[in-house]
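See structure below.
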Amino acid sequence: MAKYAFLFLDDGVDYQAAPTPEQQKVYADIFKWFETNGDKITDGGAELQPTRTATTIRKTTGKTIVVDGPFIEAKESVGGFSILELPNKEAAVALAKTWPGHGIEIRRIVEESER
Amino acid sequence: MAQYVLLFLEQEGWKDQSKEAKAPAYATIGKWWEDLSQKGILKGGGELQPMRTATTVRRVNGTMKVTEGPFIESKEHVGGFGMIEVPDLDAAIRVAKSWPGGNVEVRPIVVH
């Protein structure tokens, strides 16, 4: 077994502001997905507010600068994450395919012994 | 109190260094992590394998398509994350500034 981070991708739809019935259904399906796969989730993680609420702290040559906005502007962004324990990468990909939302970036977690 | 996620940003290639080269950074980060956990500020988190190990699954025309690689190619990417509980954004920024690693993106958490 190995731990995988599922980085849930946002496609720019703001679920926190006046969702359409279609978006509400996706949101409801996502809740169901978490219920169905609860036994594999070792850390529920978090759902993030949209990137427009992000603040980025940059360290450049001894100075620390605080800027409003995400570290990278893109159509897609990380909208949340959870940690799941699964047998292997194939199982992680198979499960990610069942995600009712837009998409997932799968990244294995660095174990203490690998540091 | 409010909850924030700190996305720890990393330059690609950092984790490919030798264990010895990374040891001082891991030691400083380990201390920071322990200190903030003991204070009850840090509520958990994780470290991610390098961006090149990523697999992305996304919906294209109704079907889930699998591609090797991250959702976006960039010099900088998310290398790990921590969840913190602090009074407000100013406090979250102060915690982010104290991070001994590189750049940090701070994002508020959606409370259900």
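Where a number appears in this text, it was derived from the coordinates with a stated rule and is not lab data. In this text the structure is predicted, and so the values were computed from the model without any measurement. We place every Cβ from the backbone using ideal geometry, glycine too, and count neighbours over all the protein chains shown.
Values computed for the structure shown
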read-out	value
Value of relative contact order over chain B, rounded to a whole percent, pairs C-alpha under 8 Å and six or more apart	50
Average partner coverage of A:56-63, which counts Cβ from other chains inside 10 Å	5
Positive minus negative residues near residue B:36 (Lys, Arg vs Asp, Glu; Cβ under 14 Å)	+2
DSSP-assigned coil residues among trypsin sites (Lys or Arg not before Pro) in the range B:1-105, each with at most 13 further Cβ atoms within 10 Å	B:39, B:75
Sum of side-chain charges, residue B:51 neighbourhood, beta-carbon under 14 Å (Lys, Arg +1; Asp, Glu -1)	-3
0 to 90° range, to nearest 10: angle between helix B:19-38 axis and chain B longest Cα axis	60
Helical contribution to [θ] at 222 nm, DSSP H n ≥ 4, -39,500 (n - 2.57), averaged over chain B, rounded to 500	-9000 deg cm²/dmol
Chymotrypsin sites (Phe, Trp or Tyr not before Pro) within the range B:1-75: DSSP coil, no more than 12 neighbouring Cβ in 10 Å	none
Distance between the range B:1-44 and the range A:85-115 - C-alpha centres, whole angstrom	21
Inter-chain shielding of B:66-78 (mean C-beta neighbours from other protein chains, 10 Å cut-off)	4
P(r), alpha carbons of the protein assembly as shown - 5 Å bins starting at zero, rounded %	1, 6, 14, 19, 21, 18, 12, 6, 2, 1, 0
Sorted by Cβ density within 10 Å, fewest first, the residues A:105, A:73	A:73, A:105
